[in-house]
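Let me begin by presenting the structure, written as structure tokens, before commenting on it.
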Amino acid sequence: MTPRLEEVTPANFDAATGIRIRPGQEHAVEPVVKSLAEAYVHPAGVAWPRLIVDDDRPVGFLMAFLDIDWNGDGSVHRSGLWRLNIAADTQGRGYGRFAVESVAAEIRRRGGKEMYVSWHPGPDGPEEFYLRLGFRKNGETSGGQTVGVLEL
């Protein structure tokens, strides 16, 4: 496995928006096209969308948020993983871990000390995945989702 991240460009847009997660996971993560639309409407530099590619095959998509105004009043700024979509036929092969580690590296590169993520609670959500990677619940929720933080 030699995954890498690529910026989403006109050349790979169709590949990015073609990423499909497993049936039954749709309630837990938005489609890639919605993430790209959200990236477009936020101030430049806040959203960091990337296609995950292995041997020139698209295997997933991630979008980080970088130094976002968490409360909307300028008092708290956070960075973290906003979206993670791993293609149905490539799940369980380490691409999710690669994505989380890649976002953590980018946040560290920018001077960040913490990485945040939120997930759909419940037995069919990704909570165990994030907890295994070292995230801890911080007692917050965001839009009905559990918020976790990883010390970098």
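The values are calculated or read from the model by the stated rules, or taken from the named source; none is laboratory data. All of these numbers come straight from a predicted model, not from anything done at the bench. Cβ: placed from backbone, ideal geometry, glycine included. Neighbour counts: every protein chain shown.
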Does the range 141-152 hold any residues that are in a strand (DSSP E or B) and either modelled with pLDDT under 95 or polar (S, T, N, Q) (or both), and which are they?
Thr141, Ser142, Gln145, Thr146
Flag for Gly74 being farther than 19 Å from Glu38 by Cβ and at pLDDT 95 or above
no
When (1) over 13 Å from the mean Cα position of the chain (by Cα); (2) within 15 Å of Gly112 (Cβ to Cβ) are applied to Ala64, the one that fails is (1)
In the range 104-126, what residues are under 13 Å from the mean Cα position of the chain (by Cα) and within 13 Å of Asp67 (Cβ to Cβ)?
Glu106, Ile107, Met115, Tyr116
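Have a look at Val59, Val76, Val41 and point out the one that is within 24 Å of Gly143 (Cα to Cα), touching a strand residue (DSSP E or B) at 6+ places or on another chain (Cβ under 8 Å) and among the aliphatic types (A, V, I, L, M).
Going through Val59, Val76, Val41 in turn, the sole match is Val76.
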Return the residues of the range 2-32 that are within 30 Å of Pro121 (Cβ to Cβ) and exposed (fewer than 14 other Cβ atoms within 10 Å of the Cβ); say none if nothing qualifies.
Gly18, Arg22, Pro23, Gly24, Glu26, His27
Filter the helices (runs of 4 or more DSSP H) completely within the range 3-119 down to those with at least 1 residues that are in contact (Cβ under 8 Å) with a residue 40 or more places away in the chain and among the β-branched types (Val, Ile, Thr).
32-41, 95-109
Residue count for the range 120-134, restricted to those that are part of a helix (DSSP H, G or I), under 14 Å from Leu62 (Cβ atoms) and not hydrophobic (A, V, I, L, M, F, W, C):
1
Selection from the range 33-50 of residues within 21 Å of Glu101 (Cα to Cα) and loosely packed, with under 14 Cβ neighbours inside 10 Å yields Gly45
